Amino acid sequence: MPYHDWNERICFECYAPNARARLLDGDGRIDRIVTNYSRISFNFGPTLLSWMKDKQPEIHDAIVQADKKSRERFSGHGSALAQAYNHAILPLANERDKQTQVIWGIRDFESRFDRKPEGMWLPETAADNASLDVLAQHGIKFTILSPFQAARLRPLEGNAEWQDVNGAKIDPTMPYLVKLPEGRSLVVFFYDAPVSQAVAFEKLLTNGETFAGRLLGALDEARQHDQLVHIATDGESYGHHFQYGDMALAYALHKIEESDRAKLTIYAEFLEKHPPTNEVEIHQPSAWSCSHGVERWKGDCGCNAGHDGWNQQWRAPLRAALNELSKKLAVFYEQKAKEYLRDPWLARDEYISIILDRSPESIKKFFATHAARDLDPGNQVGAIRLLEMQRHAMLMFTSCGWFFDEISGIETVQVIQYAARALQLATELGAENLEPRFLEALEQAKSNIPENQNGRVIYEKFVKPAVMTRETVVAHFAISSLFESYPAEAKIFSFSITQEDRQLWTAGDARLAVGRIKVTFDVTGNFDTVCYGVLYMGGHNLNCGVRLFQSAEKYQELVTQSQAAFQGADFPEAIRVLDRHFGETHYSLKNLFRDEQYKVLHQILAATRDDIYNAYKSLTDRYAPLTNFLNDTHMPPLHSLAPAVEFVINAELQKQFENGHPDPERVKLLVAQAQKTNAAIEKDMLAFAVKKHFDRLSEELLKTPENLDLLQRLSNSSGLLPILPVGVNLWKVQNAYDQLRGRLLPQVAERGDGKAGIWMEKFFALGEQLGFHIDRNLLKKAA
């Protein structure tokens with residue numbers, strides 16, 4: 001299945017399935033669809049939820065609703081936990097960053113779940129007393145740690161001696177109190193390590209009943225207190241690492257609810273009913289995925305992902321380079337921000353309000369509280385750019401940058417990109433050029449891959465070209481505007497484009513556009529007026545120039561000269577005009593952002609693909625009788641014709657589902673032809689086309705659920721599933737069906753007229769095709 005990016009893949013393999021998990025009956029058919037999130041404690045990173053709200057709002061909202069539902073189930077306590085904002089290792093963060101990470105995590109949580117968080121997940125469970133104290137300062141009641149992080153304990157009452165619990169010897173079925181500096185305290189739950197290990201590494205999620213039995217088996221009748229059996233695992237285990245792990249979890253929860261041995265609860269409810277009776281001290285610092293404290297995120301401790309012969313000696317110099325940069329940026333920020341803000345660091349803590357809501361009202365409210373004086377719009381932009389510099393200065397400590405084995409891995413390159421953005425903003429705001437010293441420090445971080453050499457080379461090779469500027473954004477707009485229409489006001493990622501003037505000339509496939517636009521970076525409000533010229537000569541041949549707007553006279557000169565050259569069909573002169581006005585820095589199709597590049601190339605290649613299809617179709621039609629004769633007489637096939645046959649079959653199969661009205665007989669014939677000629681089906685592309693087809697029909701069904709023709713179309717398409725040589729993701733259409741089964745079916749059954757009976761018959765037939773358990777007694781009652 002082709003996915004746009006990693007977030008989308010994980011969302012559809014894991015986060016979405018757990019929001020709509022299938023419970024099967026004894027025949028393997030869907031009995032119910034439930035949300036796992038309403039019955040377990042869970043957390044999501046704020047940056048992931050932000051992406052989900054923008055790209056997959058249905059899943060984001062389902063998670064939020066699950067938390068609300070859990071409050072009804074668990075004595076008013078919600079199942080969602082907060083998380084420190086951008087997954088930084090808090091024991092390695094400076095005191096200011098610890099505070100901001102926790103404050104931002106809490107505020108983000110409140111904005112989504114409409115309540116204060118009771119618990120907070122610490123990234124990698126990395127903790128020390130200073131980090132726990134920050135949680136306690138901000139009203140967090142508890143967190144979850146590995147039992148290997150516990151050092152010693154003693155009863156809260158009396159004067160008993162400390163008991164050594166090193167090596168996970170602590171009882172994980174009860175909460176513990178950590179006493180912190182300045183009289184504060186925080187409750188810690190230590191998860192059950194053996195069962196957690198079995199989920200992550202021993203394939204416990206292959207069977208829901210076995211999973212439930214293992215959880216119930218962790219109860220010990222010898223204990224004299226109410227026990228909390230709980231595990232802590234990556235959410236990706238439930239669907240991504242282990243396919244159908246979401247279903248195993250749903251069934252395990254169902255079996256536990258059915259049993260008389262235990263009841264489901266969450267941390268906050270259990271804590272309310274069972275306050276801690278023991279005090280604990282933890283190892284300082286420590287984490288769940290490193291047996292050396294938190295060395296994995298700062299040194300070559302031996303913890304790695306398993307590449308033989310590689311070392312992680314790059315971790316220490318990378319951490320040192322970023323720490324040094326962070327300190328210099330902090331000094332610059334504090335000095336510069338005083339021009340705009342009463343208390344620069346308090347303002348940074350409160351900047352989360354703008355991150356969550358960048359509306360003019362939100363920005364106005366922020367500066368009404370934090371401005372050191374009356375700031376005009378330009379000064380407000382300057383202040384926000386300083387705050388963005390600080391945001392990236394924290395993002396560059398995201399933990400995954402150190403977790404894996406190689407400095408040129410995508411996770412580590414990403415944290416260096418955050419650093420590059422912070423450097424870019426600092427330079428634009430008037431700081432000394434910090435990049436040379438940063439690159440000098442990065443040079444000490446050696447790559448395991450010879451051609452990547454070190455952090456400096458990686459910065460120049462992978463990071464620098466990816467830095468987004470107003471010029472690259474305008475070039476993207478200018479080039480893509482030749483292939484799609486933009487409104488006068490358009491959005492490109494985090495930029496707003498206002499077209500002030502645009503001239504377009506065409507001649508056959510060739511096109512020339514010249515324009516002037518206002519480009520605004522929505523995050524900071526910074527804007528510029530920029531002009532562009534772009535010449536397309538067919539195929540992939542394209543030249544584009546961009547520069548800041550200088551004057552109306554210069555711009556008009558560009559328009560006049562470009563038009564004259566293009567309309568005179570003098571393309572070399574048109575290129576020289578662009579050179580004179582924009583210099584020798586040119587942009588091409590390579591400079592389009594990936595999504596738009598794919599879209600434009602798809603358009604350019606469409607005619608080519610059609611030509612290839614028509615040529616191949618002509619060949620296959622012409623020689624079909626001979627091919628059939630050879631096959632019937634068991635003679636060797638025409639191998640030279642096989643690529644054409646394969647191309648045509650795949651193209652036609654995909655088109656059948658892309659046009660929204662597949663012909664069942666034609667699809668069956670194409671599949672049979674593929675089998676007969678041993679043509680390889682492009683399974684990923686076909687599965688994607690079929691999924692999209694069902695997704696579109698499911699959306700139509702929710703809008704017009706009593707449309708009998710639509711039900712028949714769905715039924716016809718569903719009838720093809722058994723013969724298709726691919727597995728099809730029916731998640732969305734099954735969800736739509738289940739929603740109607742619960743909401744509309746009882747209403748239609750209640751009507752009991754002839755039309756209702758016809759609809760129900762078709763609806764039940766569709767449900768059986770989609771894999772549901774159907775109670776046909778309801779149809780009999782309606783009749």
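Could you list all residues from the range 392-419 that are buried (at least 24 other Cβ atoms within 10 Å of the Cβ) and not aliphatic (A, V, I, L, M)?
397, 401, 402, 412
Filter the range 15-29 down to the residues that are among the aliphatic types (A, V, I, L, M) and crowded, with 20+ Cβ neighbours inside 10 Å and list them by number.
16, 19, 21
Give me the residue from the range 537-562 that is without any contact (Cβ under 8 Å) to a residue 40 or more places away in the chain, more than 20 Å from residue 519 (Cβ to Cβ) and exposed (fewer than 14 other Cβ atoms within 10 Å of the Cβ) and, out of that set, nearest to the chain's Cα centre (by Cα).
This residue is 541.
Do we have any residue at all in the range 72-87 that's in a helix (DSSP H, G or I), in contact (Cβ under 8 Å) with a residue 12 or more places away in the chain and touching a helix residue (DSSP H, G or I) at 6+ places or on another chain (Cβ under 6 Å)?
No - not one qualifying residue is present in the range 72-87.
Going by the conditions given, is residue 697 under 24 Å from residue 658 (Cα atoms), open to solvent by less than 70 Å² (accessible area, probe 1.4 Å) and not β-branched (Val, Ile, Thr)?
yes
State which residue is farthest from residue 234 (Cα to Cα) when the search covers only the range 15-61 and only residues that are of a type in the set (A, V, I, L, M) and in contact with a Lys or Arg (Cβ under 7 Å, 6 or more places away or on another chain).
30
Give the residue that is surrounded by the fewest Cβ atoms within 10 Å (Cβ to Cβ), with candidates limited to residues of the range 501-533 that are farther than 27 Å from residue 378 by Cα, aliphatic (A, V, I, L, M) and in contact (Cβ under 8 Å) with a residue 24 or more places away in the chain.
The extreme case among them is 507.
Only one residue in 427, 472 is β-branched (Val, Ile, Thr) and open to solvent by less than 40 Å² (accessible area, probe 1.4 Å). Which one?
It is 472.
From 447, 481, 485, grab the single residue that is surrounded by fewer than 21 Cβ atoms within 10 Å (Cβ to Cβ), in contact with a Gly (Cβ under 9 Å, 6 or more places away or on another chain) and small (Gly, Ala, Ser).
447
What number of residues within the range 627-685 are of a type outside the set (D, E, K, R), open to solvent by less than 80 Å² (accessible area, probe 1.4 Å), closer than 22 Å to residue 714 by Cβ and in a loop (DSSP other than H, G, I, E, B)?
2
Is it the case, given these coordinates, that residue 759 is under 26 Å from the mean Cα position of the chain (by Cα) and open to solvent by less than 60 Å² (accessible area, probe 1.4 Å)?
no
Please list, ordered by first then second residue, the pairs with beta carbon atoms under 9 Å, 6 or more apart or interchain, first in the range 132-157 and modelled with pLDDT under 95, second among the β-branched types (Val, Ile, Thr) and open to solvent by 20 Å² or more (accessible area, probe 1.4 Å).
Filtered contacts from the range 132-157: 157/277.
Listed here are the residues, each with its yes/no results for (1) surrounded by fewer than 19 Cβ atoms within 10 Å (Cβ to Cβ); (2) outside any helix (DSSP H, G or I).
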| position | (1), (2) |
| --- | --- |
| 209 | yes, no |
| 213 | yes, no |
| 216 | yes, no |
| 225 | yes, yes |
| 236 | yes, no |
| 247 | no, no |
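Is it the case that residue 587 is surrounded by 16 or more Cβ atoms within 10 Å (Cβ to Cβ), more than 22 Å from residue 466 (Cβ to Cβ), touching a Cys at 6+ places or on another chain (Cβ under 8 Å) and of a type outside the set (A, V, I, L, M)?
For residue 587, the condition - surrounded by 16 or more Cβ atoms within 10 Å (Cβ to Cβ), more than 22 Å from residue 466 (Cβ to Cβ), touching a Cys at 6+ places or on another chain (Cβ under 8 Å) and of a type outside the set (A, V, I, L, M) - is not met.
Hey, could you check the range 249-275 for residues that are closer than 24 Å to residue 145 by Cα and assigned to a loop (DSSP other than H, G, I, E, B) and say which is most open to solvent (accessible area, probe 1.4 Å)?
Looking at residues that are closer than 24 Å to residue 145 by Cα and assigned to a loop (DSSP other than H, G, I, E, B), I get 263.
In the range 340-373, what residues are crowded, with 19+ Cβ neighbours inside 10 Å, outside any helix (DSSP H, G or I) and within 30 Å of the chain's Cα centre (by Cα)?
351
Would you call residue 96 open to solvent by 10 Å² or more (accessible area, probe 1.4 Å), more than 26 Å from residue 320 (Cβ to Cβ) and at pLDDT 95 or above?
The answer is no for residue 96.
I'm checking my understanding of the structure. Among residues of the range 301-339 that are closer than 23 Å to residue 167 by Cα and either free of Cβ contacts under 8 Å to residues at least 12 places away in the same chain or out of contact with any Asp or Glu (no Cβ under 8 Å at 6 or more places or on another chain) (or both), which one is most open to solvent (accessible area, probe 1.4 Å)?
So the residue we want is 302.
Does the range 490-508 hold any residues that are part of a loop (DSSP other than H, G, I, E, B) and either in contact with a Cys (Cβ under 8 Å, 6 or more places away or on another chain) or not small (Gly, Ala, Ser) (or both), and which are they?
Hit for the range 490-508 is 493, nothing else.
Within the range 1-14, track down each residue that is open to solvent by 30 Å² or more (accessible area, probe 1.4 Å) and either at pLDDT 95 or above or closer than 29 Å to residue 357 by Cα (or both).
Listed by number, the residues that qualify are 3, 4, 5, 6, 7, 8, 9, 12.
From the list 426, 431, 420, 445, which residue is more than 24 Å from residue 469 (Cα to Cα), touching a helix residue (DSSP H, G or I) at 6+ places or on another chain (Cβ under 9 Å) and at pLDDT 95 or above?
Criteria check complete, one pass: 445.
Can you pull out every residue in the range 460-489 that is under 25 Å from the mean Cα position of the chain (by Cα) and in a loop (DSSP other than H, G, I, E, B)?
467, 468, 469
Each row is one residue, and each column tells you yes or no for (1) touching a residue at least 40 places away in the same chain (Cβ under 8 Å); (2) under 28 Å from residue 22 (Cβ atoms).
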position: 645; (1), (2): no, no
position: 661; (1), (2): yes, no
position: 673; (1), (2): no, no
position: 684; (1), (2): yes, yes
position: 695; (1), (2): no, yes
position: 705; (1), (2): no, yes
position: 710; (1), (2): no, yes
position: 714; (1), (2): yes, yes
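Scanning for something of a type outside the set (D, E, K, R), part of a helix (DSSP H, G or I) and either open to solvent by 10 Å² or more (accessible area, probe 1.4 Å) or at pLDDT below 95 (or both), does the range 34-41 turn up at least one residue?
Yes.
For the range 717-726, check the following and say yes or no: at least one residue is among the polar types (S, T, N, Q) and touching a Lys or Arg at 6+ places or on another chain (Cβ under 6 Å).
Taking every residue of the range 717-726 in turn, none turns out to be among the polar types (S, T, N, Q) and touching a Lys or Arg at 6+ places or on another chain (Cβ under 6 Å).
Can you give me the number of residues within the range 17-70 that are β-branched (Val, Ile, Thr) and within 15 Å of the chain's Cα centre (by Cα)?
Going through the range 17-70 one residue at a time, the tally reaches 3.
Checking residue 285 against (1) buried (at least 17 other Cβ atoms within 10 Å of the Cβ); (2) touching a residue at least 24 places away in the same chain (Cβ under 8 Å); (3) out of contact with any helix residue (DSSP H, G or I) (no Cβ under 7 Å at 6 or more places or on another chain); (4) not hydrophobic (A, V, I, L, M, F, W, C), which test does it fail?
(3)
The values are calculated or read from the model by the stated rules, or taken from the named source; none is laboratory data. Quantities reported herein were computed from a predicted structural model and do not represent experimental measurements. So basically every Cβ, Gly included, is an ideal-geometry build from the backbone, and we count neighbours across all protein chains shown. Calculation scope for accessible area: heavy atoms of the full protein, side chains included, ligands and nucleic acids excluded. Shrake-Rupley method; radii C 1.70, N 1.55, O 1.52, S 1.80 Å.
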